[in-house]
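S.K.: Next up is a structure, given as structure tokens.
Every number in this text was worked out from the coordinates using simple rules, so none of it is lab data. All values reported here derive from a predicted model rather than from experimental measurement. All Cβ positions, even for glycine, are placed from backbone atoms using ideal geometry, and neighbour counts span all protein chains on display.
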Amino acid sequence: MTAIPQERRLVTAIPGPKSQELQARRTSVVAGGVGSVLPVFTARAGGGIIEDVDGNRMIDFGSGIAVTSVGASAEAVVRRASAQLADFTHTCFMVTPYEGYVEVAEALAELTPGDHAKKSALFNSGAEAVENAVKIARAYTKRQAVVVFDHGYHGRTNLTMALTSKNMPYKNGFGPFAPEVYRVPVAYGYRWPTGAENCGAEASAQAIDQINKQIGADNVAAIIIEPVLGEGGFIEPAKGFLPAIAQFAKDNGIVFVADEIQSGFCRTGQWFACEDEGIVPDLITTAKGIAGGLPLAAVTGRAEIMDAAHAGGLGGTYGGNPVACAGALGSIETMKELDLNGKAKRIEEVMKGRLTAMQEKFPIIGDIRGRGAMIAIELVKADSPEGAATKEPNPEAAGALAKACHAEGVLVLTCGTYGNVLRFLPPLVIGEDLLNEGLDVIEQSFAQI
């Protein structure tokens with residue numbers, strides 16, 4: 001699968017001297033607004049390992065934010081993309097089309113939930129996919145309002161910033177934002193005032209009540225939700241919430257859009273996270289894990305909705321680039337051949353087992369949640385050094401833990417509206433020994449802080 005030895009190795013401090021040298025060059029020419037979690041410059045990556053320019057090998061619990069699910073140098077992705085590179089890099093599908101785009105659309109029709117007729121349009125990024133889903137929904141319904149949810153994240157373009165909940169770092173100072181966007185409550189069980197068991201029914205009732213009172217269902221073009229909320233903290237909406245919202249959309253002629261950009265393509269142990277409660281969305285947006293690291297995104301949905309936009313109304317110069325399409329076909333081939341849904345479920349079993357044991361030792365772990373290889377822990381403050389935990393968010397602990405893990409050669413990411421969530425997105429092809437070693441480092445880091 002990859003030539004890189006699948007073992008953690010530290011030969012310098014993190015970051016090492018070559019990374020520091022490159023960081024100095026970067027600072028002089030790369031815009032300051034482009035941040036990096038860890039200023040370690042990658043030389044090679046594959047399987048569950050990232051190797052930097054100093055020869056350090058780090059265990060990858062980030063997958064480039066859920067992108068390299070099949071690994072960062074998967075054989076089928078490299079083989080297919082290389083062959084396509086040799087044939088042609090670009091014609092623009094809107095000028096002269098090619099088979100790869102059609103093949104990806106066929107694969108999406110086969111893999112996405114529901115047995116209705118489906119069509120797809122391909123783009124470059126998740127934000128672009130969400131923005132086009134809104135365009136399509138507005139064209140189909142002849143309505144304008146878009147409903148999104150607390151803690152949701154949908155991108156960094158002007159419209160998708162409006163759809164996103166979190167101000168820093170995504171929105172601060174970048175307004176004014178697109179109009180006709182309305183935010184309603186989501187079923188965040190851990191923080192629901194009356195407890196997790198009532199959360200699904202109460203949150204859906206509140207959300208529907210707000211839509212009816214404040215917007216009017218007849219004015220809503222689309223309801224957009226991540227079936228597992230990503231940047232917001234890997235929140236799984238409490239059971240019953242998604243089916244109630246999807247049914248409300250259906251009853252009122254509203255296009256129900258599942259944003260599966262982070263949760264799709266085997267990440268949660270199913271092809272798509274919305275399958276968990278049998279949700280069949282009208283439109284589904286995908287990106288990240290779709291193409292093994294090449295820039296590709298899609299909107300897939302009911303044929304009659306997808307066809308609502310006029311010819312020429314959807315597209316973009318690079319949308320569905322042939323090399324990226326080849327990468328996607330290689331990525332899907334790998335997912336099927338290696339049963340990466342099964343692998344994701346096994347990762348969940350190992351991680352949740354280990355993290356639950358840690359929670360007993362470290363009361364600042366307030367919640368363990370997620371599915372498949374999309375797992376998170378929410379960190380909270382303790383009443384006293386040895387006391388029980390409160391539910392007060394503890395972003396300082398999340399930052400300190402991430403830093404401690406990075407120093408020991410384990411790449412982890414933080415997220416959450418309050419900045420207090422440590423999220424784990426290992427490649428689905430990671431070896432179980434590496435997975436456990438990464439968890440050992442996390443446990444040692446907890447003991448340190």
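S.K.: Select from Ala121, Ala187, Gly175 the residue farthest towards the positive end of the dipole of the range 93-241; place +1 on Cβ of Lys and Arg, -1 on Cβ of Asp and Glu, and compute about the Cα centre.
M.R.: Result: Gly175.
S.K.: So, one more: Step through the residues of the range 274-285 one at a time and calculate ³J(HN,Hα) from phi using the Karplus curve (6.51 cos²θ - 1.76 cosθ + 1.60, θ = phi - 60°), rounding each to whole Hz and writing x for Gly and Pro.
M.R.: So the J values, rounded to whole Hz, are 5, 5, 4, 10, x, 6, 10, x, 6, 10, 10, 9.
S.K.: Could you give the length gained by full extension between Thr356 and Thr317, i.e. 0.36 nm per residue of separation minus their alpha carbon distance, to one decimal place?
M.R.: Working it through step by step, the gained length comes to 9.3 nm.
S.K.: I'd like the Karplus ³J(HN,Hα) series for the range 181-194: coefficients 6.51, -1.76, 1.60, θ = phi - 60°, whole numbers in Hz, and an x wherever there's a Gly or Pro.
M.R.: 10, 10, 10, 10, x, 10, 7, 8, x, 4, 10, 6, x, 9
S.K.: What's the local net charge at Glu443, with K and R +1, D and E -1, over the other residues with C-beta under 10 Å away?
M.R.: +1
S.K.: So how far, in whole Å, is the C-alpha centre of the range 37-77 from the one of the range 134-176?
M.R.: Taking the Cα centre of each part, the range 37-77 and the range 134-176 sit 31 Å apart.
S.K.: Please give the charge dipole size of the range 331-449, origin at the Cα centre, charges +1 on K and R Cβ atoms and -1 on D and E Cβ atoms. Round to the nearest 20 debye.
M.R.: About 320 debye.
S.K.: Another one. State, as an integer percentage, the relative contact order of the range 76-337 based on alpha-carbon contacts under 8 Å between residues 6 or more apart.
M.R.: It comes to 31 percent, rounded to a whole number.
S.K.: How high is the relative contact order of the range 209-263, given as a whole-number percent (alpha carbon pairs under 8 Å, six or more residues apart)?
M.R.: On the way: 49 pairs, mean separation 25.6, N = 55.
Across the range 209-263, relative contact order equals 46 percent.
S.K.: What shape does the range 52-191 have by the C-alpha gyration tensor, where a ≥ b ≥ c are the square roots of the eigenvalues, rounded means a/c under 1.5, and otherwise prolate means a/b greater than b/c and oblate the rest?
M.R.: It comes out oblate by the Cα gyration axes.
S.K.: Something else now. Any chance you could run the full-extension gain for Lys213 through Val30? It's 0.36 nm times the residue separation minus the Cα-Cα distance, nm to one decimal. Can you show the working numbers first?
M.R.: Working: separation 183, 0.36 × 183 = 65.88 nm, distance 4.68 nm.
Length difference between fully extended and current span is 61.2 nm.
S.K.: Something else about it: Tell me the net charge near Ala66. Cut-off is 15 Å between Cβ atoms, Ala66 excluded, with +1 for each Lys or Arg and -1 for each Asp or Glu.
M.R.: Neighbour charge sum, excluding Ala66 itself: -1.
S.K.: A follow-up question, please. Report the paramagnetic label zone for Asp307: residues of the range 105-135 whose backbone N is under 18 Å from a point 7 Å from Cα along the Cα-to-Cβ axis.
M.R.: Within reach of a label on Asp307: 105-106, 109-110, 115-122.
S.K.: Going by average Cβ density within 10 Å per residue, which order do the peptides 292-299, 159-166, 239-246 take, highest to lowest?
M.R.: Ranked by mean Cβ neighbours within 10 Å, highest first: 292-299, 159-166, 239-246.
S.K.: Could you compute the net charge surrounding Glu226? Neighbours are other residues with a C-beta less than 11 Å from the C-beta of Glu226; K and R count +1, D and E count -1.
M.R.: -4
S.K.: Also, quick follow-up: Could you list which residues have their amide H under 5 Å from that of Val53, counting only those 5 or more apart in sequence or on another chain, with H placed in the peptide plane?
M.R.: Amide H to amide H, under 5 Å and 5 or more residues apart or across chains, Val53 pairs with Phe41, Ala43.
S.K.: What is the set of long-range amide H partners of Lys381 at a cut-off below 5 Å, with H atoms built 1.01 Å from backbone N?
M.R.: So Lys381 has HN proximity to Thr390, Glu392, Asn394.
S.K.: Is the C-alpha gyration tensor of the range 394-435 telling us rounded, prolate or oblate? Criteria: a/c under 1.5 is rounded; beyond that, a/b larger than b/c is prolate, otherwise oblate.
M.R.: Oblate is the answer for the range 394-435, as a/c is 1.5 or above yet b/c matches or exceeds a/b.
S.K.: In the range 234-274, which residues have a backbone nitrogen under 20 Å from the label point lying 7 Å from Gln144's Cα in the Cα-to-Cβ direction?
M.R.: 253-255
S.K.: Over what distance in Å are the Cα centres of the range 323-337 and the range 204-235 separated?
M.R.: 33 Å
S.K.: Could you give the nm distance between label points at Arg79 and Thr390, where each point is 7 Å from its Cα heading toward the beta carbon?
M.R.: Between Arg79 and Thr390, the simple spin-label model gives 5.7 nm.
S.K.: Now a separate question. Which value in deg cm²/dmol, rounded to the nearest 500, describes the helix-derived mean residue ellipticity at 222 nm for the chain, given -39,500 (n - 2.57) per DSSP H run of n ≥ 4 and division by the residue count?
M.R.: -11500 deg cm²/dmol
S.K.: Would you work out the relative contact order for the chain, in percent, from Cα pairs under 8 angstrom that are 6 or more residues apart?
M.R.: It comes to 22 percent, rounded to a whole number.
S.K.: While we're here: Report, in whole Å, the centroid distance computed from the Cα atoms of the range 80-113 and the range 406-449.
M.R.: 35 Å
S.K.: Using 0.36 nm times the number of residues separating Ala201 and Glu277, minus their current alpha carbon distance, what extension gain do you get?
M.R.: Net length gain for the segment: 25.9 nm.
S.K.: Let me ask something else. Amide H of Asp367 versus every other amide H placed in the peptide plane: which residues, excluding those fewer than 5 positions away on the same chain, fall under 5 Å?
M.R.: When sequence neighbours closer than 5 places are left aside, the close amide H contacts are Glu378.
S.K.: Still on this model: Under a point-charge model restricted to the Cβ atoms of Lys and Arg (+1) and Asp and Glu (-1), what is the dipole moment magnitude of the range 76-337 relative to its Cα centre, in debye to the nearest 20? Walk me through the intermediate numbers first.
M.R.: Details: 20 positive and 28 negative charges, 133 e Å.
The calculation lands at about 640 debye.
S.K.: In addition: Restricting to bridges with both residues inside the chain, how much of the DSSP beta-bridge set is antiparallel, in percent to the nearest 5?
M.R.: DSSP beta bridges in the chain are roughly 70 percent antiparallel.
S.K.: Per-residue HN-Hα couplings for the range 411-424, Karplus 6.51 cos²θ - 1.76 cosθ + 1.60 at θ = phi - 60°, whole Hz, x for Gly and Pro?
M.R.: Karplus values, whole Hz, x for Gly and Pro: 8, 10, 10, 9, 6, x, 4, 9, x, 10, 10, 9, 10, 10.
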